[in-house]
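Taken together, the values in this text are just the output of simple stated rules run on the coordinates, not laboratory data. Quantities reported herein were computed from a predicted structural model and do not represent experimental measurements. Note that each Cβ is placed from the backbone with ideal geometry, even for glycine, and that neighbours are counted across all protein chains shown.
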Amino acid sequence: MSFSTRCIHPPSSPSVGVNTPIELSSTFIHDSSPDSYSYGRTDNPTRSALESAISSLEYSSVPSPSPQSSSTKDTTTATSVFSSGMAAIEASILATLDSHPPSNKISVICSSKCYGGTTRWLEEVWVSRMNREVHYVDLHTPSSVGIIEEMLALSSITSPPSHFIVFTEVLTNPLLSVLSPQPLVSLCSSNPNLTLIVDNTLTSPCICRPLEWGAVSMVVESITKYINGHSDVIMGSVTTLHPHLASALRRIQNTQGAVPSPFDCYQVLRGMKTLDIRMRRQSESAARIASILEKSLGDTIERVNYPTLTSQPPPPSISNYVNLDVGWGGVVSFELKSHLSTHSFCSGLKLFKMAESLGAVESLVEVPFEMMGFPSEEKAREKGVNPNLIRLSVGIEGVDDLLDDLTQALNALKKKNS
Ligand SMILES: *Cc1c(COP(=O)(O)O)cnc(C)c1O
């Protein structure tokens, strides 16, 4: 069944209406069936419906809807949803600890280009409060797999050998660097001491389904972004095909209690129906905007970042891992010439609103150097984020209107500086 059909027909369909009802009860009448609901933190029918819907997006062979099934309770669910993407990231890392005796050494190898919130969690919780180690490696450089091999070799001297959680993203924000999955996948599939977790937020299951690569233990999404797509919900998910991780995630969800409300779950079930169509439109518009901005190089713009540009070709084997037919999503970034003011540019835009976040129907603009919460200016520069970098999240408005808006703001800037 195609991805767009799966977006609209989740596996557990409601029995009466065409949409899943919002079940607001915080507690449920006990009955003797083993899959009955008990308490709203533990489980909720609207949430269960969303969890099986996300599973069917992340992995194409999750069973499709059966008209006979009237229960929304998904006992085989491989997805747990959380009240934010950050709570989902935390749960994915904690779930890995569950499979090992407490005395074993478990460290994180995190892509150095990961989302800032992930790095903050690793620093403030994993390292400072849990006394564990993190190593930042540029996993977007294929040769970096050698660094992981060296760490494994060093740690194999101890008994039991250390375990490493490898945490990465496929497409980075704000510089749009594309992962070369092949070397990482082949290393992780041949090594039981590695657990690979992929944060798929920037690509979404429409472009990329890492669980289908074979070596990925868990995939994390900030549903806040593309999957919901309407800037009105904060939520995250973790999906796995491993029963022991699925059950660890369930326990963490119930214990930590960072669960989304039934209303938010309904909003996401509604938002995700158009994920495929939105993502294609955003990708097409973003690619067009990137190529037109590239034509202004040398005049107002220093460089443009987007994976369809010839200046930045993705790794050759990428078509085995992502759906190039869709494209690369709505995020485009570019550097203004250093004498031009990023603030004048942003405030000169009329359709692009200046706000954080990405992936929704409306177009947004931001200055990552100031707005992405880097701990210091040096850290931002280390990550390749300069003060004159602008990041766009291209929405689904008419692309000509968006181009007109960008052109008038660039022209006004030029005039001001001439
Ligand atoms: C936004 C984001 C998160 C965090 O998600 P929240 O829903 O804001 O908690 C994690 N990873 C990536 C790549 C993101 O863009």
Answer in debye to the nearest 20: the dipole magnitude of the stretch 274-416 about its Cα centre, from +1 Lys/Arg and -1 Asp/Glu charges placed on Cβ, is 240 debye
Evaluate the Kirkwood expression for the hydrodynamic radius of the stretch 79-127, namely the inverse of the mean inverse distance over all pairs of different C-alpha atoms, and round to one decimal in Å. 11.9 Å
Would you order His242, His163 from fewest to most other beta-carbon atoms within 10 Å of each residue's own beta-carbon? His242, His163
For Val16, Val108, ascending order of other Cβ atoms within 10 Å (fewest first) is Val16, Val108
Listed pairs Lys379/Lys416; Lys383/Lys415; Lys353/Lys415 exceeding 28 Å between Cα atoms: Lys379/Lys416; Lys383/Lys415
Residues with amide H under 5 Å from that of Leu139, placed H, sequence gap 5 or more: Ser112, Lys113
Share of pairwise Cα separations in the chain, more than 32 Å, in percent: 37 percent
Whole percent per 5 Å bin, from 0 to the bin with the longest distance: what is P(r) over all C-alpha pairs of the stretch 79-272? 1, 8, 16, 21, 22, 16, 9, 4, 1, 1, 0
Roughly speaking, what is the centre-to-centre gap between the stretch 215-264 and the stretch 293-343 when only Cα atoms are used, to the nearest Å? 30 Å
Quick check on the stretch 202-269: take the gyration tensor over C-alpha atoms, sort the square-rooted eigenvalues as a ≥ b ≥ c, and tell me if it's rounded (a/c under 1.5), prolate or oblate. oblate
Taking other Cβ within 10 Å of each residue's Cβ, how do Thr224, Thr158 sort, fewest first? Thr158, Thr224
With -39,500 (n - 2.57) per DSSP H segment of 4 or more residues and division by the full residue count of the chain, the 222 nm estimate, nearest 500 deg cm²/dmol, is -10000 deg cm²/dmol
